[in-house]
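Enquirer: Can you read through this structure? Questions will come right after.
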Amino acid sequence: MVSTLIAPHTETFDAPAVPASTAVQIENVSVSYPVGKKTRKTILENISLDIEEGEFVVLLGETGCGKSTLLRMILGQERPTNGRILVSGKPVERVDSRSGYVPQKYSLFPDRTVLENLVMGPETSAYHILGRLRPGFRAFRKQVREEAFRQLRHMGLQESDAAKYPHQLSGGMQQRVAIGQALMMKSRVLLMDEGFSALDPATRTSLQRLLRSVWSELKPTVVFVTHNTMEALYLGTRLIVLARPNFEDHCGSRVVLDMKLPASGMSLRSNGQEFLDLVDHVEQFSRGDRHPQPSLNGESR
Ligand SMILES: Nc1ncnc2c1ncn2[C@@H]1O[C@H](COP(=O)(O)OP(=O)(O)OP(=O)(O)O)[C@@H](O)[C@H]1O
Ligand SMILES: [Mg+2]
């Protein structure tokens, strides 16, 4: 039975040692874009979510339902039409170091080496060009480089990869560097938009393992967009599905499923038929076959 794996939203599987606090608050957010001169198309409608520190949220939904739009709002790349988003208790007004972002691919600077890509964020956020003439910069740079090499090893890359340019790396290696780049900024919130979807299955599996081990060790708050329900169940501690009710054009997407997952991750190998039933259940919501309705175990809202 699926429901044994789905905890009511108000319960947690692994109670944290310290009381959780809210990392991301999405308050009544709606997003619409102009279509022609007089009308607007609503993409997201009245989305309200509290994401606790250390949660690994996987965001699913049909293409065009607004997953990337929501991620860009949390990042601060775009502003909601209505409502507001807070990260670490403060409203998001622009992109800043509170959130790190890993897109599907091509996020590295192609004309910079792996090492330069890794150190660039911390260096530019701490010192502007003239500030680099100040005496403290040399010591800071040394420290950041040491941290970059640590991060490189952490991501399963070799020290010799530091001098390579992105075009000399495989797609999987590039995504490892991109994750390392986001971690270098010490952002508490990690946003990933289909970060593994361009990879072959074996590389994707190894990156999933890497991300899970990074999450287990550092417990950042993660919001991870994917189209792959199995990946979502393996990675996430909370699964959210966005969908447009009744496929009516004037409606935006809403949260149609919001449920906790076991913190240990789920897989076909460990959970067998239960896993397959849950995949089917989630995909019904993603396709818009099921709409929000009160349920006894509180899995949807
Ligand atoms: N700046 C914009 N101006 C107008 N429309 C936009 C803009 N940004 C996004 N949209 C529209 O918003 C809708 C949602 O886009 P979004 O990229 O968030 O979907 P998605 O769920 O990430 O889809 P996919 O799974 O294909 O990546 C799409 O119809 C898209 O065309
Ligand atoms: Mg998208």
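The values are calculated or read from the model by the stated rules, or taken from the named source; none is laboratory data. This one's a predicted model, so the numbers in the text were calculated from it and none came from an experiment. Cβ coordinates were reconstructed from backbone atoms using ideal geometry, including for glycine residues, and neighbour counts include every protein chain displayed.
Enquirer: Within the stretch 185-220, work out how many residues are out of contact with any strand residue (DSSP E or B) (no Cβ under 8 Å at 6 or more places or on another chain) and either assigned to a loop (DSSP other than H, G, I, E, B) or not assigned by TED's automatic domain parsing to the domain that holds Val24 (or both).
Expert: 7
Enquirer: Here is a follow-up. Kindly provide the set of residues from the stretch 96-123 that are within 16 Å of ligand 1 (Cβ to nearest atom) and surrounded by fewer than 16 Cβ atoms within 10 Å (Cβ to Cβ), ordered by number.
Expert: Filtering the stretch 96-123 down to residues within 16 Å of ligand 1 (Cβ to nearest atom) leaves 101-107.
The answer is Tyr106, and nothing else.
Enquirer: Please indicate, with yes or no, whether at least one residue in the stretch 249-257 is acidic (Asp, Glu) and under 16 Å from Phe56 (Cα atoms).
Expert: Taking the stretch 249-257 as the starting set, the residues that turn out to be acidic (Asp, Glu) are 249.
From the residues that got through so far, the ones that are under 16 Å from Phe56 (Cα atoms) too are none.
No: the stretch 249-257 contains no residue that is acidic (Asp, Glu) and under 16 Å from Phe56 (Cα atoms).
Enquirer: So, one more: Looking only at the stretch 204-219, which residues are crowded, with 21+ Cβ neighbours inside 10 Å and touching a residue at least 60 places away in the same chain (Cβ under 8 Å)?
Expert: Once the filter is applied, which keeps residues that are crowded, with 21+ Cβ neighbours inside 10 Å and touching a residue at least 60 places away in the same chain (Cβ under 8 Å), the stretch 204-219 yields only Trp215.
Enquirer: Of the residues in the stretch 225-281, how many are assigned to a helix (DSSP H, G or I) and not hydrophobic (A, V, I, L, M, F, W, C)?
Expert: Residues of the stretch 225-281 that are assigned to a helix (DSSP H, G or I), as a first pass: 229-235, 245-247, 268-281.
Filter again for not hydrophobic (A, V, I, L, M, F, W, C), leaving 229, 231, 234, 245-246, 269-274, 277, 280-281.
Of the residues in the stretch 225-281, 14 are assigned to a helix (DSSP H, G or I) and not hydrophobic (A, V, I, L, M, F, W, C).
Enquirer: Answer yes or no as to whether Asp111 is free of Cβ contacts under 8 Å to residues at least 60 places away in the same chain, over 21 Å from the mean Cα position of the chain (by Cα) and outside any helix (DSSP H, G or I).
Expert: yes
Enquirer: Further question on the same structure: For Glu159, only one of the following conditions fails: (1) of a type outside the set (S, T, N, Q); (2) within 16 Å of ligand 1 (Cβ to nearest atom); (3) surrounded by fewer than 23 Cβ atoms within 10 Å (Cβ to Cβ). What is its number?
Expert: Result: Glu159 fails condition (2) only.
Enquirer: Another question about this same structure. When you scan the stretch 243-259, do you find a residue that is outside the structural domain of Leu157 (by TED's automatic domain parsing), crowded, with 21+ Cβ neighbours inside 10 Å and under 16 Å from the mean Cα position of the chain (by Cα), even just one?
Expert: Looking through the stretch 243-259, none of the residues is outside the structural domain of Leu157 (by TED's automatic domain parsing), crowded, with 21+ Cβ neighbours inside 10 Å and under 16 Å from the mean Cα position of the chain (by Cα).
Enquirer: Further, regarding this structure: Taking Asp50 as meeting all but one of (1) surrounded by fewer than 20 Cβ atoms within 10 Å (Cβ to Cβ); (2) within 16 Å of ligand 1 (Cβ to nearest atom); (3) touching a residue at least 12 places away in the same chain (Cβ under 8 Å), write down the number of the exception.
Expert: Single failed check for Asp50: (2).
Enquirer: Here's something else I'd like to know. If Glu45 meets every condition in (1) more than 19 Å from Cys251 (Cα to Cα); (2) of a type in the set (D, E, K, R); (3) modelled with pLDDT of 85 or more apart from one, which number is that one?
Expert: With respect to (1) more than 19 Å from Cys251 (Cα to Cα); (2) of a type in the set (D, E, K, R); (3) modelled with pLDDT of 85 or more, Glu45 is out only on (1).
Enquirer: Additional query: When the stretch 208-238 is examined, which residues are found to be more than 12 Å from the chain's Cα centre (by Cα) and within 16 Å of ligand 1 (Cβ to nearest atom)?
Expert: His227, Asn228, Thr229, Glu231
Enquirer: Going through the stretch 42-71 one residue at a time, which ones are within 16 Å of ligand 2 (Cβ to nearest atom) and out of contact with any Gly (no Cβ under 8 Å at 6 or more places or on another chain)? Before the answer, list the steps.
Expert: Let us first name the residues in the stretch 42-71 that are within 16 Å of ligand 2 (Cβ to nearest atom), namely 43-44, 47, 57-71.
Once the filter is applied, which keeps residues that are within 16 Å of ligand 2 (Cβ to nearest atom) and out of contact with any Gly (no Cβ under 8 Å at 6 or more places or on another chain), the stretch 42-71 yields Leu59, Leu60, Gly61, Thr63, Gly64, Cys65, Ser68, Thr69, Leu70, Leu71.
Enquirer: Still on this structure: Kindly indicate whether any position in the stretch 167-190 is more than 16 Å from ligand 1 (Cβ to nearest atom), among the basic types (Lys, Arg), closer than 18 Å to Val114 by Cβ and crowded, with 20+ Cβ neighbours inside 10 Å.
Expert: Residues of the stretch 167-190 more than 16 Å from ligand 1 (Cβ to nearest atom): 167-190.
So of that shortlist, the ones also among the basic types (Lys, Arg) come out as 176, 186, 188.
Within this subset, residues satisfying the condition of being closer than 18 Å to Val114 by Cβ are 176.
Checking which are crowded, with 20+ Cβ neighbours inside 10 Å leaves us with 176.
Yes, the stretch 167-190 contains a residue that is more than 16 Å from ligand 1 (Cβ to nearest atom), among the basic types (Lys, Arg), closer than 18 Å to Val114 by Cβ and crowded, with 20+ Cβ neighbours inside 10 Å.
Enquirer: For the stretch 60-76, give me each residue that is within 22 Å of Gly89 (Cβ to Cβ) and near ligand 1 (Cβ under 10 Å from one of its atoms).
Expert: Taking the stretch 60-76 and keeping what is within 22 Å of Gly89 (Cβ to Cβ), we get 70-76.
If the condition is that a residue be within 22 Å of Gly89 (Cβ to Cβ) and near ligand 1 (Cβ under 10 Å from one of its atoms), then Leu70, Leu71, Arg72, Met73 are the ones that fit.
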